[in-house]
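Please read the structure below before turning to the comments.
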Amino acid sequence: MELNPAQQQAVEHVEGPLLILAGPGSGKTRVLVHRIARLIETGAAYPSQILAVTFTNKAADEMRRRTEALVGPRAREISMGTFHSVCLRILRGNAEAAGLSERFVVYDDADQLALIKECLADLDIDKDRLPPRSALERISRAKDACQGPEEFAAAVADNPYLERVSRIYTRYQRRLAELQAADFGDLIRLVVKLLDSDSRLREALQRRWRFMLVDEYQDTNRAQYKLLAHIASAHRNICVVGDDDQSVYRWRGADIENILRFEHDFHGAAVVRLEQNYRSTGAIVAAASAVVAGNAGRKPKEIWTAREKGRRVSILSCESERREAEAVAARISAAVQRGRKLRDFAVFYRTNAQSRPLEEVFRRQGLQYRIYGGIRFYERAEVKDVLAYLRLLLDRSDDIALLRVINVPARGLGKTTVDRLKSFAAERSLSVFEAITPFVESGGARGAQSKQLIEFRDAIQTIGYNGMDRPLPAILHEVLTRTGYVEALAKESTIESEARLENINELVAAVEEFMPAADTAAGMSSVASREKASPPLAQFLDQVALVSDADAVDETQGAITMMTLHIAKGLEFPCVFMVGMEEGLFPHARSLDDPDELEEERRLCYVGMTRAMDELSLAHAFRRSIFGSERYNVASRFLDELPAEHVDRESSFVVSRSSIVKPVFKIHEPRTTNDERRTTDFEFDQRPPEEQASPLAKGCRVHHPQFGPGVITSCERTSAGHKVAVRFQDGEVKKLIAEFAGLTPA
């Protein structure tokens, strides 16, 4: 079977609990499928007695395909799938006992969110004060922890905010029952609840599945752990594969303690360490291991590789995010000239918003790319929303743009009202925007909906009256302010809304960087040019439209792969760039005051670094734009933890207390370990300063240009800026992004 000694040991273990600690690139899937094959071939288990659980359908399909290649058609008798698919099958056979009808439906994310909104309305809870997405995330995490509405209510009795969530949870669960539905969290929670109380079902599943194999065990949550513990409690033949150093889904409910305490929970467990890395060079393995060694909550491992040491890890220090993107593009172009293919390269970033400068530089230099597991910047929903507002400003007859944003952010304008407005406009040969005034005057909309339509019309008209020839940043700022778009996202206070704010911030940066075409064109007089030149906004929208129409990928070269670090888990590439290696970005601002979150960020860095096979480059920028203002950052602490003998540092400028010098970034061939020249580290008089102290602390008095004086009641630093809650004179509390909102000391 061509297994190394540790892999062979894991495959041959039969009875009792087994923990396989599988480092990156150590062949864990191979071990799992060979272990299944051996159990069947030796007669230790019939295929139908084996349960193999993974986290994704893709992983389950891959395991099934590889197992069938070894075992043959008998592999189809194995129970193999995701946690949710396995539990759904159990619930289908025991629906009545779980309080469900036999034909219960499973609600997806959109269904769940719609039902949460209904519950908020039923309970008369303002969705602006408790955003539906935020409530749904809280409820989902409660279900991950096996907390039903009653248990959750008892746990949050002293927290007013969570008490409101508890009321929503109770109502939400009641409505699910009335609708004979279950959500994804219920699929596992309800099975666990059944196994807690129904000994006959528990014993039946224990007899059915004598051997269990679980992949990515470090990513399991409390509900998944309890499910596995119930089934394994009789025979104890549970084999889990995972790596505590690659646990990066705490924000999604994963509990790293499940893998750390496995030997305690399953007494007498055998432990096998798969420590040989078949993927990466020695320098990459050593550098990544040094970073993750900084975590306290981990099991010790000695990851090693039989591969050569290879090129040192490169640290690229750049002046700005634009220069960072140019440095990455220059290195890729140089490598392609030497024979590499574009498909060999991957660029990882901490947040989706960081793709924007990279995408623009790659396009400008003709480097084809693909966003893996994500959406190109100008195709993201929030970016398209804001662009639709800009299109509407330029052309009031753009019905497509208007219909996209007429209820974004939510204004309480339902589909029925909007459909009536569209019909009213069509009957009178008017654009939808032109139809708003006569529609309201004719009684087509009444009460709150009438008021919202007029306010929407007035906002668009006011921005237009203020001039379309103004600087683009001023127009965009007014759009985001008058429409309440940024304020609505800030109120949601979810990881998703913060990511959307980061994308809006990048759109602001794109507008700041945009340079309209010169007034004078070849063959035209300056007067004629001024007469025919499009306003800057039109030119910007034209550029965006051309960007969205991406060229087809040249399959002979492939394309650069771009993705977030979380999505990179499980993948590998010959050459990897990790960008944005700065304090507050990576590690993320949310983690800086939380030791557990900081350890997760370090694990995420380890995951990213160990995706690289041959070459690894880590880049950081000293200056980034936050809603039109510059913020200076220090390099990530993770860069300081890299062993000097495995690192090359390159800088395109020297930083001093008073200035930043900006020479052209020069490409240097990375040194190999055979090159005995000393690494020339760049030196600083002083790192760029952190943001100067600003009056954003709780209790500080501030003034807002629209809402007037107020007092800050809370402040949280995020990668999209400082998110503050301000209580204004009228008693209303608004959540704002300080860098964008124009707050000044009062």
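The values are calculated or read from the model by the stated rules, or taken from the named source; none is laboratory data. Only a predicted model underlies this, so the values are computations on that prediction, with no experimental measurement involved. Glycine gets a Cβ as well: all are built from the backbone with ideal geometry, and neighbour counts include every protein chain shown. For the accessible areas, the whole protein counts, side chains as well, though only heavy atoms, and no ligand, DNA or RNA atoms are used. Shrake-Rupley method; radii C 1.70, N 1.55, O 1.52, S 1.80 Å.
Some observations on this one:
- Residue 175-residue 644 FRET efficiency (beta carbon distance; Förster radius 60 Å; 0.05 resolution): 0.50
- For the pair residue 77 and residue 448 in one chain, pulling the backbone fully straight at 0.36 nm per residue adds 127.6 nm over the alpha carbon distance.
- Taking label positions 7 Å along the Cα-Cβ direction at both residue 630 and residue 732, the computed distance is 3.6 nm, reported to one decimal.
- Estimated vicinal HN-Hα couplings, Hz - the range 435-450 in sequence order (Karplus 6.51, -1.76, 1.60; Gly, Pro = x): 7, 4, 4, x, 5, 5, 5, 7, x, x, 9, 10, x, 4, 5, 4
- The relative contact order of the chain, computed from alpha carbon pairs under 8 Å that lie at least 6 residues apart in sequence, is 15 percent.
- Each Lys or Arg adds one and each Asp or Glu subtracts one; over the other residues with Cβ under 9 Å from the Cβ of residue 59, this totals -3.
- HN-Hα J in Hz across the range 583-593 - Karplus 6.51, -1.76, 1.60, θ = phi - 60°, x for Gly and Pro: 4, x, 10, 8, x, 5, 4, 5, 8, 5, 10
- Here the peptides 313-321, 605-613, 338-346 are ranked by packing, the mean other Cβ count within 10 Å, and the order with the highest first is 605-613, 313-321, 338-346.
- Too-long pairs where the Cα-Cα distance tops 32 Å, listed order kept, from 143/735; 193/735; 58/143; 384/451; 143/734; 58/226: 193/735
- Each residue of the range 310-320 was assigned a 3J(HN,Hα) from its phi angle through the Karplus expression (A = 6.51, B = -1.76, C = 1.60, θ = phi - 60°), giving x, 6, 5, 6, 8, 10, 9, 9, 10, 6, 8 Hz with x at Gly and Pro.
- Stretchable slack from residue 395 to residue 97, in nm (0.36 nm times residue separation minus alpha-carbon distance): 101.4 nm
- On full extension, the segment bounded by residue 334 and residue 458 gains 39.4 nm, given 0.36 nm per residue less the C-alpha separation.
- In this structure the amide hydrogen of residue 183, modeled in the peptide plane, comes within under 5 Å of the amide hydrogens of 107, none closer than 5 places in sequence on its chain.
- All other residues whose Cβ lies under 14 angstrom from that of residue 451 are scored, Lys and Arg at +1 and Asp and Glu at -1, for a net of 0.
- As a rough guide to protection, the peptides 213-225, 131-143 ranked by mean Cβ packing within 10 Å, highest first, stand as 213-225, 131-143.
- Proximal charge balance of residue 72 [Cβ under 15 Å; K/R count +1, D/E count -1]: +3
- Pairs from 117/491; 491/569; 28/301; 491/698; 309/341; 28/299 whose Cα-Cα separation, in the structure shown, is over 19 Å: 491/569; 309/341
- Distance between modelled label sites at residue 296 and residue 158, nm, 7 Å Cα→Cβ extension: 2.4
- The simple Förster model, with R0 at 35 Å and r as the Cβ-Cβ distance, assigns residue 465 and residue 118 a FRET efficiency of 0.35.
- Accessible surface computed residue by residue for the chain, with neighbouring protein chains in place and a 1.4 Å probe, gives 44 Å² per residue.
- Only helices enter the 222 nm calculation for the chain: every DSSP H run of n ≥ 4 contributes -39,500 (n - 2.57), and dividing by all residues gives -13500 deg cm²/dmol, rounded to 500.
- Here the relative contact order of the range 381-438, from alpha carbon pairs under 8 Å that lie six or more residues apart, stands at 33 percent.
- Simple label model, 7 Å out from Cα along Cβ direction - residue 571 to residue 365, nm: 1.9
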